[in-house]
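Nothing in this text is a laboratory measurement; each read-out follows from the coordinates by a stated rule. Since the model is a prediction, treat every value here as computed from it, not as a measurement. Cβ atoms come from the backbone with ideal geometry, glycine included; neighbour counts cover every protein chain shown.
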């Protein structure tokens with residue numbers, strides 16, 4: 001039953017964030033979440049593709065390890081509110097608006 005709930009949470013959260021998001025404060029950072037569990041992060045001339053999933057309803061897990069390297073997942077708090085996506089850790093918060 002718990003695994004079933006987790007799948008429903010994953011599906012619901014994924015439906016909310018799949019798409020292209022621009023950083024709301026004008027840093028030219030773009031996040032492009034794909035339904036296949038990958039996210040393309042673009043900052044200036046730098047592109048990085050990571051995998052993502054949800055640890056729970058409030059935490060996004062990003063793994064940006066290069067191919068062939070051991071996984072290096074990082075957990076970020078995530079909140080979707082008022083058509084904005086907030087992703088934060090203890091040091092910083094990114095606020096993104098849907099493109």
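With each run of n ≥ 4 DSSP H residues scored as -39500 (n - 2.57), what mean residue ellipticity at 222 nm is computed for the chain after dividing by its residue count and rounding to the nearest 500 deg cm²/dmol?
Counting only the DSSP helices, I get -5500 deg cm²/dmol.
Describe numerically, in nm with one decimal, the distance between label points set 7 Å from Cα along Cα→Cβ at residue 36 and at residue 57.
Roughly 3.1 nm, to one decimal.
Provide the packing ranking of 63-69, 30-36, i.e. peptides ordered by the mean count of other C-beta atoms within 10 Å per residue, highest first.
Packing proxy ranking, top to bottom: 30-36, 63-69.
Semi-axes of the chain's equivalent ellipsoid from the Cα gyration tensor, sqrt of 5 times each eigenvalue, largest first, rounded to whole Å?
21, 18, 12
At a threshold of 8 angstrom on Cα-Cα distance, excluding pairs fewer than six apart, so keeping six or more, what relative contact order does segment 2-98 reach in percent?
Result for segment 2-98 is 20 percent.
Which stretch or stretches of segment 14-32 have amide N atoms under 14 Å from the point lying 7 Å from residue 84's Cα along the Cα→Cβ direction?
22-27
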